[in-house]
Amino acid sequence: MECYDVMSFVTFQDLLQIPSGTLVHFLQKVVAFAKEHVLSCWLCCQKGFICEVCNNPKVIYPFDMESTYRVSRNLWRVTELLESNFDFR
């Protein structure tokens, strides 16, 4: 698989790589590379968010999917969101 500017574009060959795990392995490497870049680049690391529920100054990023929850353009820490009874409808 190649990296594309249009993220929703995949080829038939990409789909054929799903059962063998080749596509998943490739995408994990791409995500790890991108995450490492964002966290180490002085410009990119400034594109994070502050949790709107707890206002903790520690920056959070959308790629931290295990610990964050995103609705529209807002990003929250999962733990604070669950504890706050926040109605985000």
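The values are calculated or read from the model by the stated rules, or taken from the named source; none is laboratory data. Just so it is clear, the structure is predicted and the values come from calculations on it, not from any experiment. Note that each Cβ is placed from the backbone with ideal geometry, even for glycine, and that neighbours are counted across all protein chains shown.
Only one of (1) more than 30 Å from Gln13 (Cβ to Cβ); (2) modelled with pLDDT of 90 or more; (3) assigned to a helix (DSSP H, G or I) fails for His25. Which number is that?
Going through the list (1) more than 30 Å from Gln13 (Cβ to Cβ); (2) modelled with pLDDT of 90 or more; (3) assigned to a helix (DSSP H, G or I), His25 breaks only (1).
Scan (1) out of contact with any Pro (no Cβ under 9 Å at 6 or more places or on another chain); (2) closer than 30 Å to Leu82 by Cα; (3) of a type in the set (Phe, Trp, Tyr) for the single condition Phe49 breaks and write down its number.
Unmet for Phe49, out of (1) out of contact with any Pro (no Cβ under 9 Å at 6 or more places or on another chain); (2) closer than 30 Å to Leu82 by Cα; (3) of a type in the set (Phe, Trp, Tyr): (1).
Table: residues versus (1) assigned by TED's automatic domain parsing to the domain that holds Gln13; (2) among the polar types (S, T, N, Q).
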residue	(1), (2)
Phe26	yes, no
Lys29	yes, no
Phe33	yes, no
His37	yes, no
Trp42	yes, no
Cys54	no, no
Pro57	no, no
Phe63	no, no
Ser67	no, yes
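What is the one condition in (1) at pLDDT below 80; (2) exposed (fewer than 11 other Cβ atoms within 10 Å of the Cβ) that Pro57 does not satisfy?
If we test Pro57 against (1) at pLDDT below 80; (2) exposed (fewer than 11 other Cβ atoms within 10 Å of the Cβ), just (1) comes out false.
Which residues, counting only those in region 26-42, are surrounded by 13 or more Cβ atoms within 10 Å (Cβ to Cβ) and either of a type in the set (Ser, Thr, Tyr) or over 13 Å from the mean Cα position of the chain (by Cα) (or both)?
Taking region 26-42 first, the residues surrounded by 13 or more Cβ atoms within 10 Å (Cβ to Cβ) are 26-27, 34-35, 38-39.
Hit for region 26-42 is Phe26, nothing else.
Kindly indicate whether Lys47 is modelled with pLDDT of 80 or more and surrounded by 11 or more Cβ atoms within 10 Å (Cβ to Cβ).
The answer is yes for Lys47.
Table: residues versus (1) modelled with pLDDT of 90 or more; (2) of a type in the set (Gly, Ala, Ser); (3) assigned to a strand (DSSP E or B).
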site: Phe9; (1), (2), (3): no, no, no
site: Ser20; (1), (2), (3): yes, yes, no
site: Lys35; (1), (2), (3): yes, no, no
site: Val38; (1), (2), (3): yes, no, no
site: Trp42; (1), (2), (3): yes, no, no
site: Glu66; (1), (2), (3): no, no, no
site: Leu75; (1), (2), (3): no, no, yes
site: Glu80; (1), (2), (3): no, no, no
site: Phe86; (1), (2), (3): no, no, no
